[in-house]
Amino acid sequence: MKKKVVKFGGSSLASAEQFRKVGEIIRSDESRRYVVPSAPGKRFSADTKVTDMLYGCYHLAEAGKDFSGALENIRARYMEIIEGLSLDLSLNEQFEEIAENFRSKAGEDYAASRGEYLNGIVMAAYLGFEFVDAAEVVCFNADGSFNADKTDEVMSRRLADLGCAVIPGFYGAKPDGTVKTFSRGGSDITGSLVAKAVHADLYENWTDVSGFLVTDPRVVKDPATISTITYREMRELSYMGATVLHEDSIFPLRKEGIPINVRNTNRPEDPGTMIVESTCNKPRYTITGIGGKKGFASITIEKAMMNSEIGFVRKVLQVFEENGLSIEHTPSGIDTLTVYVNQNAFEAKEQQIIAGLHRAVQPDLIELESDLALIAVVGRGMRRTRGTAGRIFSALAHAHVNVKMIDQGSSELNIIIGVENRDFETAIQAIYNIFVVAQL
């Protein structure tokens, strides 16, 4: 029988009604055998996520204040789900343990993890699956770093004889049993670890969107959905702000060649987006996606005969390294080199860096420009299509957008364009129109 690992986000498990949708999805396919739940999210826009409620409750306990009312509100959220599902389940013992551990100041990680822990118990009872506490199978080292090899060994052994199981997302434990969490959104990581451990055929990540969108819906109204995307393309788009999946969740799956299917709990009929290692599947459009970020600065170093000076680029980049700044892009000409960096980080060390550049390479001129945005146009289809860059320039020219920089990766998988912050949304819309709307 095929094995699928299914992870559900907080919005998919915010209420009893959402739980029922999830139950129908799982029961509709018997290969969906391993379930990774997040903590209950918001039921409506003004609501509070359970994880945030737990943080608030623990901060009261940590400050020596009465936290019983805050903890009771959290209990009420779970009771609402349990009663809505007509489950014969009590969480009294678990809440007594949580209260005791809050009083003994067990730590923020412990507090935050209880949302997933409790939701896992509810989900296991609802489905009739075995509950496996993530603290028993997700292993961190004593210094808090994640131990991938031990996790895979322990989890593989624990799940080997379980036909169906619920494993809460987001947390694990150190060797002494102290609970340790991943960063926010870390349930995605747990899902990928479970998929690797059980050698799953597919990892389904269920959320509140029908897969990856070609671009940000806050910039372009109702953008098209990407049907298939490779890990490399997604990495490029994630770097530029696309955040459907936690970035660290990709690597365990990529290593095993396990595909990911991003689906919508509220629209289970939608096929979503398939994320794969490689594919012969031709993309619908020349591009796969458009991502971008604002808030960059450029430092242009000009020096005559720069190209004949051995070690020039290394000396320039070393100045930024010594000041703790990472480099975004470094387009260059014969006598010029431009370095793009995060503007906020650069402004804090601006004068030290300028002085360092003068000492290192004795430039003829240094020019600074701020309030810049970078836009990545990504797509495996660009390799086989002539004139992609020309179409981008044409679209931007018609939209009256001035291009400050263009940089194409050697893989021909992406083209990075620099524009002013004020032109960011206009530029993305123009690129979307020329590659997607024009083909509809």
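Could you tell me how many degrees, from 0 to 90 and to the nearest 10, lie between the Cα long axis of helix 312-322 and the main elongation axis, the longest principal axis, of the Cα atoms of the chain?
40 degrees
Want the number for Asp161 to Phe44: 0.36 nm per residue separation, take away the alpha-carbon distance, what's left? The partial results should precede the final answer.
Working: separation 117, 0.36 × 117 = 42.12 nm, distance 3.94 nm.
Value of the extension gain: 38.2 nm.
Search the structure for amide H atoms under 5 Å from the amide H of Thr48, placed 1.01 Å from N in the peptide plane, and list their residues when 5 or more places away or on another chain.
Excluding prolines and chain starts, which carry no amide H, the hits are Arg43.
Given a Förster radius of 45 Å and the C-beta distance between Leu368 and Thr178 as r, what FRET efficiency does 1/(1 + (r/R0)^6) yield to the nearest 0.05?
Plugging the Cβ-Cβ distance into 1/(1 + (r/R0)^6) gives 0.45.
Which of the aspartates and glutamates could be linked to Lys315 by a straight reach, that is with a Cα gap under 18 Å, when you skip same-chain ones fewer than 8 residues away?
Glu302, Glu328, Asp335, Glu350, Asp364, Glu367
Please list, or write none, the aspartates and glutamates whose alpha carbon is within less than 14 Å of the alpha carbon of Lys196, excluding same-chain residues fewer than 8 places away.
Within the straight-line cut-off, Lys196 pairs with Asp149, Asp152, Glu153, Asp188, Glu204, Asp248, Glu256.
Excluding ligands, DNA and RNA, what is the solvent-accessible area per residue of the range 1-155 at a probe of 1.4 Å, expressed in Å²?
Result: 44 Å² of accessible area for each residue.
Let me check against my output: what whole-number percent is the relative contact order of the range 139-266, with C-alpha pairs under 8 Å and at least 6 apart? Walk me through the numbers on the way to the answer.
Working: 171 pairs, mean separation 34.5, N = 128.
Value for the range 139-266: 27 percent.
On the accessible surface of the range 1-158, probed at 1.4 Å, how many percent belong to carbon and sulfur atoms?
44 percent
Given a cut-off of under 8 Å on Cα pairs at least six residues apart, what relative contact order in percent is computed for the range 386-439? Display every interim value, and only then the final one.
On the way: 45 pairs, mean separation 18.9, N = 54.
Once normalised by length, the contact order is 35 percent.
Kindly work out what percent of the DSSP beta bridges joining two residues of the chain are antiparallel, to the nearest 5. Don't jump to the answer; show the numbers that get you there.
Details: 40 of 63 bridges.
The antiparallel proportion sits near 65 percent.
By how many degrees, between 0 and 90 and to the nearest 10, does the Cα long axis of helix 388-398 differ from the longest principal axis of the chain?
Approximately 80 degrees, to the nearest ten.
The range 1-47 to the range 325-339: how many Å between their Cα centroids?
With the range 1-47 and the range 325-339 each reduced to a Cα centre, they are spaced 46 Å.
Write down the Å³ per residue value for the convex hull defined by the alpha carbon atoms of the range 105-176.
It comes to 83 Å³ per residue, whole-number rounded.
Rg to Rh ratio, the range 361-440, alpha-carbon atoms and Kirkwood radius?
Here the Rg-to-Rh quotient is 1.04.
I'd like to check one number: the per residue accessible area of the range 351-409, probe 1.4 Å, reported in Å² as a whole number.
Details: 3130 Å² over 59 residues.
For the range 351-409, the solvent-accessible area averages 53 Å² per residue.
For the range 208-321, what is the accessible area per residue in Å² when the probe is 1.4 Å?
49 Å²
Put a dot 7 Å past each Cα toward the Cβ at Thr385 and Asp143; how far apart are the dots in nm?
4.6 nm
Using alpha carbons only, how many degrees (0 to 90, rounded to 10) separate the axis of helix 424-435 from the longest principal axis of the chain?
90 degrees
Hey, any idea what % of the range 166-238's accessible area is carbon plus sulfur with a 1.4 Å probe?
Taking all protein chains in place, the range 166-238 shows 46 percent carbon and sulfur surface.
Quick one: what Rg and Dmax do you get for the range 1-128 from the alpha carbons, in Å?
Values for the range 1-128 (Cα only, Rg and Dmax): 15.2, 53 Å.
In whole Hz, what ³J(HN,Hα) sequence does the range 347-364 give by Karplus (6.51, -1.76, 1.60; θ = phi - 60°), x for Gly and Pro?
With coefficients 6.51, -1.76 and 1.60, one gets 4, 5, 10, 3, 6, 4, 5, 4, 4, x, 5, 4, 5, 6, 10, 6, x, 6 Hz.
Before anything else, pin down the relative contact order of the chain: Cα pairs under 8 Å, at least 6 apart, normalised by residue count, whole percent.
About 13 percent, as a whole number.
Distance between the C-alpha centers of the range 100-157 and the range 176-213? Whole Å please.
The two parts, judged by their Cα centres, are 13 Å apart.
Per the Kirkwood formula on distinct C-alpha pairs, the Rh of the chain is how many angstrom?
24.2 Å
For the range 82-96, just list the computed ³J(HN,Hα) in residue order, Karplus coefficients 6.51, -1.76 and 1.60, θ = phi - 60°, integers in Hz, with x standing in for Gly and Pro.
Working through the residues one at a time gives 4, 5, x, 9, 6, 8, 8, 9, 10, 10, 4, 4, 5, 6, 5 Hz.
With viscosity set to 1.567 mPa s at 4 °C, what whole-number translational diffusion coefficient in µm²/s follows for the range 118-273 from Stokes-Einstein and a Kirkwood radius over Cα pairs?
D, rounded to a whole number, is 78 µm²/s.
Ignoring ligands, DNA and RNA, please state the percent of accessible area on the range 294-420 from carbon and sulfur, probe 1.4 Å.
C and S fraction of accessible area: 48 percent.
Using the Cα atoms of the range 223-348, I'd like the radius of gyration and the largest Cα-Cα distance, Dmax, both in angstrom.
In order Rg, Dmax, the Cα atoms of the range 223-348 give 19.7, 62 Å.
Taking amide H positions as placed 1.01 Å from N in the peptide plane, with prolines and chain starts having none, which residues 5 or more places from Thr230, or on another chain, fall under 5 Å of its amide H?
Val276
Pairs of lysine in the range 1-54 with Cα under 24 Å and at least 8 positions apart or on different chains: total?
8
The values are calculated or read from the model by the stated rules, or taken from the named source; none is laboratory data. The structure displayed is predicted, hence computed values, not measured ones. Please note: Cβ atoms are built from the backbone with ideal geometry, for glycine as well, and neighbour counts cover all protein chains shown. The protein model used for the area step is the full one, side chains on, heavy atoms only, and it has no ligands, DNA or RNA in it. Shrake-Rupley method; radii C 1.70, N 1.55, O 1.52, S 1.80 Å.
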